[in-house]
Structure formats: C-alpha cells, structure tokens
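Written below as structure tokens is the structure these notes are about.
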Protein chains: 2
Amino acid sequence: MKITMRLGKRSYDIIVKEGSLGRIGQLANLARRVLVVSDTGVPEEYIRTVLAQCSAGVPVILQQGEGAKSLETFGTLLNVMYEHGFTRADTVLALGGGVVGDVAGFAASAYMRGIRFINCPTTTLAQIDSSVGGKTAVNLGGAKNVAGAFYQPSLVVADTDTLKTLTRRHFVNGLAEAVKAGLLLDETLFTRFEQENAEECITDIIARSIAAKQSVVERDEREKGLRAILNFGHTIGHAIESCEGLGGLYHGECVALGMLPMIEQPAVRRRVRSVYKKLGLPTQIRYDGDKIMEFIRHDKKQCADGSFAVVRLAQIGTSRIDKLSADQLRAMIREGIR
Amino acid sequence: MKITMRLGKRSYDIIVKEGSLGRIGQLANLARRVLVVSDTGVPEEYIRTVLAQCSAGVPVILQQGEGAKSLETFGTLLNVMYEHGFTRADTVLALGGGVVGDVAGFAASAYMRGIRFINCPTTTLAQIDSSVGGKTAVNLGGAKNVAGAFYQPSLVVADTDTLKTLTRRHFVNGLAEAVKAGLLLDETLFTRFEQENAEECITDIIARSIAAKQSVVERDEREKGLRAILNFGHTIGHAIESCEGLGGLYHGECVALGMLPMIEQPAVRRRVRSVYKKLGLPTQIRYDGDKIMEFIRHDKKQCADGSFAVVRLAQIGTSRIDKLSADQLRAMIREGIR
C-alpha cells in the first residue's frame with residue numbers, strides 16, 4: 001500500500017508492504033553514498049539486505065536503547081559522514097525503531113544543512129508513529145526530544161514482515177499509538193481492536209493509522225495548532241517514561257497509561273481498558289506525583305502563561321486542547337492511574 | 001533603515017541603524033526568557049545594554065574565535081536553555097560576530113525543534129553577510145559549516161555604532177562581502193568603494209549590501225539554484241580559511257582572495273585589486289595547491305558527478321555557475337593567487 005504525504009515540495013511516499021526491504025533499491029536511488037544507521041536490536045539479516053542494495057553503503061550500528069538518542073550519537077553520525085566524504089547528493093537511511101529514526105533523521109537534517117533521508121522503520125511503534133510526520137530529535141539528559149528538527153523524509157518504507165521478529169511486548173507497545181489514532185480520528189480503526197485480532201490484520205492497522213496521522217500532519221506540519229492533538233496521552237505519558245525507576249515501561253505503554261485520565265466518558269474509558277487488557281497493555285500505575293509534575297514542567301507542553309496544554313477526548317473522534325493550571329493538572333495525576 | 005526579508009511565514013525585518021541596540025526592547029518582545037549569546041571579543045557594555053532590556057536574560061559568553069563554532073558549544077547552549085526551563089515561547093538572542101550568530105542560530109533552530117531567534121550582529125562581516133539569510137552552522141573538526149540548519153531569524157538588529165570599536169582589520173574584513181555583493185548584483189555599490197571612503201558611508205554600504213543579498217535569498221531561500229551565486233569567492237576562500245598554517249587570515253580576506261581567480265575580465269580584476277589595496281585587503285597569497293584541493297573536495301560545493309561548481313564573474317553584475325573538473329580546478333589554483 002502506498003500513502004502519499006502531501007506537503008508541497010516536501011511531499012513523500014510511505015510504502016507499507018510485506019517484504020518491501022528486499023526491493024528498496026527499486027523504490028529509492030541507492031547508487032550514492034548511503035549512511036545506513038541501525039542498532040544492535042535489529043536483526044543483522046535486515047541490515048545485510050539493505051546494504052546489498054547500496055552501491056556505497058556505510059553502516060553505523062548503535063547500541064540498542066534510548067541512550068543512543070543523544071547529542072553524542074548525533075555528532076558521531078555527522079563525523080562519519082564527513083570522514084566518508086558525503087556530499088549534499090548523498091543519503092541517510094534509518095533502519096530500526098524510533099530511536100534510530102529520530103537521531104538519524106536529525107543528523108540528515110543537519111549535515112550540510114540537510115540531505116536526503118529514507119526511513120525504514122522495523123518496529124510497530126516506528127511504523128505507526130515516529131517514522132511519519134517529520135519530527136526528529138535527541139534527548140538531553142533524561143528529558144525526551146529537547147533538541148531536534150522538523151525534517152521530512154524523502155521516503156518511508158515500512159516492511160511489515162519485520163514485525164514478526166519482535167517480542168510480543170514490543171509488537172503490542174506500538175499498537176498503543178494505533179489505538180490513539182483510532183480514538184482521535186477513526187472510530188472504525190478503534191473498533192477493529194475490539195472486534196478483531198490485531199496480529200491478523202497488522203498491515204491494514206498500520207496503513208490506517210498512518211493515514212489518520214497523515215491527515216493531521218498535512219494540515220499542520222509544524223504543530224502550530226491542530227497537530228497538537230497527536231500529543232494525546234503524551235503529557236503524562238512522556239513524564240512516566242522520563243521518570244526513572246518506574247519499571248522501565250516502553251513508550252507506547254506510557255502513552256496508553258497517559259491517555260486514560262484524558263478520556264472524559266467513563267464508558268469510553270472502560271472500552272479502552274478492555275482493549276488494553278486484550279492486547280496486553282498496562283491499565284494502571286502508581287508513581288510519585290511530584291516527580292511527574294517536575295518532568296511535565298520541563299516538557300514542551302508548558303505554555304508561556306505557565307498553564308499546561310493537554311489533549312482531552314470528549315468522545316471517540318472528538319478531542320480538544322484544554323489549558324490546565326498547575327493545580328488542576330496536579331489534582332489529575334495525584335493518585336496515579338487506576 | 002528597515003529592510004524586510006519577504007519569505008512568507010518566515011518573513012522578518014532587518015534594522016540597520018546607529019544606536020539600535022539601546023532600544024532593542026522596543027523592537028522585540030524581551031519579556032520572556034532570553035538566552036543572550038555573546039563572546040569575549042564583544043565589549044561588555046553591549047552585553048549589559050541588551051541584558052538590561054530583558055526581563056529574564058540568561059547570558060552565555062563564549063571564548064572568542066572560530067573554535068567556539070562547534071558541536072560542543074551547540075550542546076552547551078541547548079543544555080543551558082533546558083536547565084533554565086526555556087519553553088517554545090522563549091528566545092535566543094545572538095550578540096556578536098558570525099561565529100556567535102551561526103552557533104546560536106543553530107541552537108535556536110534545534111531547541112524544542114525551533115524557538116525565536118534574534119540576531120544582533122556587531123561586526124561588519126556579520127552585519128553584511130552572516131546575519132542575513134538564515135544559514136546557521138557549526139564546524140566539524142577543521143571543516144567549516146558542515147552541520148547546521150536553514151533557520152530564519154525573527155529579527156535582525158544591526159547597530160552600526162558597534163563597528164566603531166572594531167580594529168581596522170576587522171572592520172575591513174567584512175567589507176569583502178560588500179565588494180562581493182557589488183560585483184555580483186549592484187555595480188553602483190562597487191563603484192562607491194572606488195570613489196568614496198567606506199568608513200564615511202558605512203550604514204549605507206551595509207544596508208545596500210543586505211538589500212542585494214535579500215533579493216537573492218527571497219528568490220531561493222534554500223540554495224536550490226540562484227542563491228549559489230553568493231558562494232562567489234568561497235570555493236577557494238573557504239579552503240584557504242580551513243587550511244591551517246596560512247597565517248590566520250580572516251574569512252573576508254579569504255573570500256577576497258578567492259574571488260580573484262573567478263573574475264574573467266583582466267580589467268575588472270585590476271579594478272578589484274585596486275579596491276582591495278585602498279581598503280587594506282590582501283591581493284595575493286602562496287599556498288600548497290594539493291592541500292587546498294583536498295579541502296575543496298570536502299566542502300559542500302562538490303557535485304554528485306565529481307565536478308566542482310564554482311561561481312565566475314563574466315562582468316560586473318553578470319555571474320554564472322560553471323562546473324569544473326578536478327583537473328581544471330587544480331590548474332586554476334595551482335600557483336597560488338598573484
């Protein structure tokens with residue numbers, strides 16, 4: 001399936017298809033220097049498959065984990081490109097999850113002020129969410145995505161066969177963003193989670209989630225307004241994720257938790273919890289509310305007037321951005337999510 | 001004088017005026033967190049003048065020199081903003097020469113994927129050239145501007161009073177870019193250098209140089225075509241500048257030298273040399289041609305087909321981009337510039 005993100009000169013195609021990594025050389029011009037950025041969590045077979053189709057591939061394999069999403073890695077990628085004589089005509093290709101795509105995309109945006117970037121996400125989360133929309137970033141210290149760029153890829157290739165080698169927990173983790181897309185924008189997508197087995201229709205779920213996100217990004221590429229609804233679940237979710245010592249939850253799991261207090265109708269909340277249970281996503285957590293507040297203060301969601309913009313779901317398909325005072329937000333998160 | 005750079009949503013004003021730093025608080029909203037980036041070469045008086053107009057100014061004073069234009073400084077600026085709780089509503093203000101503006105602008109482009117950037121250039125070179133047009137960058141190792149972003153400021157304030165505290169050599173250094181603007185785009189500007197004393201009409205020279213550059217940037221913000229003519233003198237100039245051990249020439253001096261072999265008419269070349277002599281810019285240099293070629297290979301001007309795009313001046317006001325083979329370029333630079 002091909003989805004086209006229509007952003008004028010920055011438009012690009014998103015290919016969602018089983019086995020597409022095996023023919024990426026036909027989908028993109030790889031007859032140039034290609035920095036192939038991956039990590040130790042990605043099966044070597046995929047890396048070999050891509051490199052075999054590059055005429056001058058330069059592999060860089062990062063250590064798996066959020067720690068690689070740093071200014072240090074950013075500098076390493078830039079230096080490797082420079083040492084290999086990369087010019088503006090060359091390409092960065094990310095092959096992996098969100099960490100790989102985010103840091104490789106940021107490096108592509110900065111090298112000679114921007115060279116071609118191809119994103120090949122290999123996790124459910126990256127295919128559904130992080131590879132689409134042009135947000136690239138690194139973390140600073142413990143805080144997520146503090147530095148980065150809006151930089152659109154020139155092509156996204158989501159080979160859904162790669163999802164078969166994920167652990168069940170990793171596979172499900174990414175589905176939280178698909179549930180989010182359904183709740184915000186596509187009730188039919190949400191009800192599929194209630195009525196069907198996600199594994200059996202995963203290519204459709206991914207394509208449908210991307211299409212939902214695409215409709216928002218096309219209208220607000222740089223998050224001046226509408227796009228902020230995609231932060232649904234992320235205010236508290238990011239904070240849980242950033243807060244060390246909470247048991248190492250994954251990004252999607254944190255977003256799943258973070259959406260729950262923002263769902264206004266108890267009936268919808270019950271349906272969402274049922275979907276989480278069916279998939280194996282967490283439905284509750286206890287945490288130190290003061291620590292969570294401290295992280296939220298540092299996140300990008302605090303407004304100039306000191307209030308916090310959060311996305312609330314009035315009903316499925318209807319969301320709005322509310323400004324909460326620090327006290328209101330504190331009251332909402334005080335007791336954990338139960 | 002006010003010049004408006006018209007780039008749609010990214011449009012901004014450039015104020016060229018004596019004493020404008022003293023009223024920057026009226027020109028821009030500084031009632032927010034403002035990272036004031038400067039360096040040890042900038043008189044403290046200017047820094048105090050700006051800070052006094054900020055409600056929450058955070059000064060960062062870099063060590064003067066090209067060494068500060070690094071990924072390390074970039075990281076430091078991002079970390080200082082994060083530690084001081086900067087949000088998307090806050091501002092970066094650069095107060096200094098091109099190094100300060102380039103690295104501060106790059107940090108502004110990346111912090112939370114972009115916050116407001118005000119550039120207050122205090123050198124002739126920065127006022128004429130680097131503060132206008134949205135190119136930000138850092139160096140990698142010895143190579144100039146390898147990483148950066150196209151990121152337009154929201155305001156440029158060029159207080160021409162600050163030029164009075166520059167050494168004569170620094171003052172003249174920046175005029176090379178004004179001579180360049182005249183040769184490429186504005187013969188009247190060029191003839192002023194022949195007929196008048198630059199110091200006496202410096203505000204006009206700066207405004208006229210900016211206007212020439214503006215006309216090009218408006219038509220090609222991201223250097224897809226036309227804007228490349230502004231690289232006139234920079235292919236060899238950058239290489240001379242990057243090449244250590246050549247006696248520490250300044251950027252403008254290197255560009256002045258780099259323009260000479262690219263001027264096709266001997267009569268024009270003679271006129272340009274006369275202007276250089278009048279101003280005190282260098283007119284000749286000896287160097288190791290192999291070393292120069294090696295630097296040019298790494299620069300952003302090498303094309304995908306291995307050729308080198310250089311800007312040549314057919315006559316005053318008429319330039320073109322030529323593709324030279326490595327052999328042609330080597331022949332051109334072989335013997336130094338005499």
If every Lys and Arg gets +1 and every Asp and Glu gets -1 at its Cβ, then about the Cα centre segment B:243-317 yields a dipole, in debye to the nearest 20, of 500
Report, in debye and to the nearest 20, how large the dipole of chain B comes out about its Cα centre when Lys and Arg carry +1 and Asp and Glu carry -1 on their Cβ. 660
Let me cross-check A:Met293: its accessible surface, 1.4 Å probe, with only protein heavy atoms counted, in Å² to the nearest 10? 10
Can you list the residues of segment B:62-83 whose accessible area drops by at least 10 Å² going from the chain on its own to the full set of protein chains, with a 1.4 Å probe? B:Leu71, B:Phe74, B:Gly75, B:Leu78, B:Asn79, B:Tyr82
Cα-based radius of gyration of segment B:100-228 once divided by 2.2 N^0.38 Å, which approximates compact folds: 1.08
Scanning chain B for GluC sites (Glu not before Pro) in DSSP loops with at most 12 other Cβ atoms within 10 Å, what's the longest stretch left with none? B:1-195
P(r) of chain B over all Cα-Cα pairs, 10 Å bins starting at 0, rounded to whole percent, reads 6, 27, 35, 23, 8, 1
Need the C-alpha centroid separation for segment B:79-154 versus segment A:168-245, integer Å. 34
Accessible-area value, A:Thr167, 1.4 Å probe, nucleic acids and ligands omitted, Å²: 80
If you take the accessible area of A alone, add that of B alone, and subtract the area of the pair, what total do you get in Å², probe 1.4 Å, to the nearest 100? 3000
So for R0 = 25 Å, FRET eff. of B:Gln328-B:Thr191 from the Cβ-Cβ r, to 0.05, ends up at 0.20
Quick calc of log₁₀ I(q)/I(0), the protein assembly as shown, Debye, one scatterer on every Cα, no solvent, q values 0.07, 0.12 1/Å, result -0.50, -1.25
Over segment B:233-277, with a single point scatterer placed on each C-alpha, what log10 of the ratio I(q)/I(0) does the Debye formula yield at q = 0.21, 0.32 1/Å? -0.66, -1.07
Name the residues of segment A:100-135, by number, that are at least 50 Å² less accessible with every protein chain in place than in the isolated chain; the surface is that of heavy atoms, probe 1.4 Å, without ligands or nucleic acids. A:Met112, A:Arg113
Using the Cβ atoms and a cut-off under 10 Å, what net charge is assigned to the surroundings of B:Leu163, where Lys and Arg are +1 and Asp and Glu are -1? -3
Ranked by accessible surface with a 1.4 Å probe, highest first, in what order do A:Ser11, B:Ser307 come? A:Ser11, B:Ser307
Output row for A:Glu194: copy-to-copy label distances, label 7 Å along Cα→C-beta, ascending, in nanometres, one decimal, is 8.2
Pick from A:Gln284, A:Gln152, A:Gln53: which is most flexible by mean-square fluctuation in a GNM of chain A where alpha carbon atoms under 10 Å apart are linked? A:Gln284
With respect to the cross-link table entries A:Lys213/A:Lys278; B:Lys180/B:Lys277; A:Lys17/A:Lys278, which display a Cα-Cα separation exceeding 19 Å? A:Lys213/A:Lys278; A:Lys17/A:Lys278
Among DSSP beta bridges whose residues both lie in the protein assembly as shown, state the antiparallel percentage, nearest 5. 45
Taking all protein chains in place and a 1.4 Å probe, what share, in percent, of the accessible surface of chain A do carbon and sulfur account for? 47
Can you list the residues of segment B:149-173 that have at least 30 square angstrom less accessible area with all protein chains present than in their chain by itself, probe 1.4 Å? B:Phe150
Chain B, relative contact order in percent, only Cα pairs under 8 angstrom and at least six apart counted: 14
Going Cα to Cα from A:Lys291, which aspartates and glutamates come in below 18 Å? Please leave out same-chain ones fewer than 8 positions away. A:Glu241, A:Glu244, A:Asp299, A:Asp327, A:Glu335, B:Glu83
Mind listing the phi-derived Karplus ³J(HN,Hα) values for segment A:122-138, rounded to whole Hz, using 6.51, -1.76 and 1.60 with θ = phi - 60°, and x for any glycine or proline? 10, 10, 4, 4, 5, 5, 6, 10, 6, 7, 10, x, x, 8, 10, 5, 10
Got the relative contact order for segment A:290-338 handy, in percent, Cα pairs under 8 Å and 6 or more residues apart? 27
Quick one: label points 7 angstrom along Cα→Cβ at A:Gln284, distances to the other copies in nm, smallest first? 8.7
Assigning unit charges at the beta carbon (Lys, Arg +1; Asp, Glu -1) and nothing else, what dipole magnitude in debye, to the nearest 20, does segment B:1-94 show about its Cα centre? 600
Candidates B:Arg320, B:Arg113, B:Arg33: whichever shows maximal mean-square fluctuation once chain B is modelled as a Gaussian network with Cα springs under 10 Å: B:Arg113
Taking segment B:229-338 on its own, what percent of its Cα-Cα pair distances exceed 22 Å? 26
Using a 1.4 angstrom probe, figure out how much accessible area the protein assembly as shown has per residue, in square angstrom, rounded to the nearest whole. 38
The answer for the net charge of residues other than B:Val99 whose Cβ lies under 9 angstrom from its Cβ, with Lys and Arg +1 and Asp and Glu -1, is -2
Given the options A:Val80, A:Val37, A:Val216, state which has the largest fluctuation in a GNM of chain A using a 10 Å cut-off (strictly under) for Cα springs. A:Val80
Cα extents of segment A:76-135 along the three principal axes, largest first, in whole Å? 34, 17, 14
How large is Rg over Rh for segment B:1-60, taking Rg from the Cα atoms and Rh as the Kirkwood inverse mean of 1/r across Cα pairs? 1.01
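The values are calculated or read from the model by the stated rules, or taken from the named source; none is laboratory data. Small disclaimer: the values here were computed from a predicted structure and weren't measured. Note that we place each Cβ from the backbone using ideal geometry, even for glycine, and neighbour counts take in every protein chain shown. For accessibility, only protein heavy atoms count, side chains too; no ligands or nucleic acids. Shrake-Rupley method; radii C 1.70, N 1.55, O 1.52, S 1.80 Å.
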